[in-house]
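See structure below.
The values are calculated or read from the model by the stated rules, or taken from the named source; none is laboratory data. None of the values given here were measured: they were computed from a predicted structure. Positions of Cβ are generated from backbone atoms using ideal geometry, with glycine treated the same way; all protein chains shown enter the neighbour counts. Quick note on the areas: whole protein, heavy atoms, side chains included, nothing else; ligands and nucleic acids left out. Shrake-Rupley method; radii C 1.70, N 1.55, O 1.52, S 1.80 Å.
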Amino acid sequence: MTEPTDRTERTDRTGPTDRTERTAPTDRTAPTDRRVRVVLVDDHRMFRTGVQAEIGRTESTGVEVVGEAADVDQAVTVIKATRPEVVLLDVHLPGGGGVEVLRRSAALMSDTENPVRFLALSVSDAAEDVIGVIRGGARGYVTKTITGTDLVDSIFRVQDGDAVFSPRLAGFVLDAFASTDAPPVDEDMDRLTQREREVLRLIARGYAYKEIAKQLFISVKTVESHVSAVLRKLQLSNRHELTRWATARRLV
């Protein structure tokens, strides 16, 4: 399925690279008779291209990429048209984010004969992002540092109905669902846009403006604008206060 042309897409990383996501990876690079149909949903064209190049060698990986999408509306259309077994879903998407894709795909997820299952694949490792998509119906959540081999293995596990998480993220889900109380609403965080939250976390982790710009594929001037907006909304004076504020909320 060919996605509609989108002139607003950004560029991004070329694909998964890190080798620390799973402790016992399964080798899916050898020829296999097993097949899984996958749709890639991410608003960065270069990242989708990189992922497809890494995992889409069907004869060796068993993964057949049957469609791509760059925003919520495209995703819902492509998923309904192709009915894949697994959707690789970014959390932050134009049009409402991954949670909105899940909401609009609820009927497909609940199909008893041929369910569509979702695996979140995101640069974000924030607890609220992980918990949000899992509560929305995703079967797992891995970060974009995952290796191609481990990603293929995760896709097949999700196809089988397993829950799959990057090691550090599993604790967020266990903690969230172990409690019967809803998490408290942080009114200060609610004032920030998703991009401002991303910048906030990177500032709190000690990243320089140039490093943040490179990480998020935006200009240094845009980073400075986001930092100014965050300081204004949180009524803070400088990045040191910002770091203390974020640390107190365990955002680092």
> Of the numbered conditions (1) surrounded by 18 or more Cβ atoms within 10 Å (Cβ to Cβ); (2) closer than 19 Å to Val133 by Cα, Pro94 satisfies every one except a single condition; which is it?
Replying inline: (1)
> Hey, among the residues in the range 106-141 that are over 17 Å from the mean Cα position of the chain (by Cα) and among the hydroxyl-bearing types (Ser, Thr, Tyr), which one's most open to solvent (accessible area, probe 1.4 Å)?
Replying inline: Thr112
>> I'd like the full set of residues that are over 26 Å from Lys144 (Cβ atoms) and either within 23 Å of the chain's Cα centre (by Cα) or among the aromatic types (Phe, Trp, Tyr) (or both), limited to the range 201-252.
In response: Trp245
> On the given criteria, is Glu59 surrounded by fewer than 19 Cβ atoms within 10 Å (Cβ to Cβ) and in a helix (DSSP H, G or I)?
Replying inline: yes
>> Let me spell it out: the conditions are (1) among the aliphatic types (A, V, I, L, M); (2) at pLDDT 90 or above; (3) closer than 30 Å to Val38 by Cβ, and Ala229 meets all of them except one. Which number is the exception?
In response: (3)
> Only one of (1) farther than 30 Å from Arg57 by Cβ; (2) part of a loop (DSSP other than H, G, I, E, B); (3) at pLDDT 90 or above is not met by Tyr207, so which one is it?
Replying inline: (3)
>> Take Ile79 and tell me if it is outside any strand (DSSP E or B), over 19 Å from Arg34 (Cα atoms) and open to solvent by 10 Å² or more (accessible area, probe 1.4 Å).
In response: no
>> Looking at Ala120, Ala127 in this structure, which one is free of Cβ contacts under 8 Å to residues at least 40 places away in the same chain, among the hydrophobic types (A, V, I, L, M, F, W, C) and out of contact with any Asp or Glu (no Cβ under 7 Å at 6 or more places or on another chain)?
In response: Ala120
>> Is it the case, given these coordinates, that Lys233 is of a type outside the set (S, T, N, Q), in contact (Cβ under 8 Å) with a residue 24 or more places away in the chain, open to solvent by 50 Å² or more (accessible area, probe 1.4 Å) and in a helix (DSSP H, G or I)?
In response: yes
> If you check Ser154 against the conditions, is it assigned to a helix (DSSP H, G or I) and polar (S, T, N, Q)?
Replying inline: yes
> Tally time: how many residues in the range 115-144 are in a loop (DSSP other than H, G, I, E, B) and either closer than 22 Å to Glu196 by Cα or modelled with pLDDT under 90 (or both)?
Replying inline: 5
> Using beta carbons and a limit of 8 Å, which pairs, at least six apart or on different chains, have the first residue in the range 37-57 and over 17 Å from Phe118 (Cβ atoms) and the second one in a helix (DSSP H, G or I) and of a type in the set (Gly, Ala, Ser)?
Replying inline: Glu54/Gly148
> From Leu169, Leu151, which residue is over 30 Å from Glu224 (Cβ atoms) and either at pLDDT below 85 or touching a Ser or Thr at 6+ places or on another chain (Cβ under 7 Å) (or both)?
Replying inline: Leu169
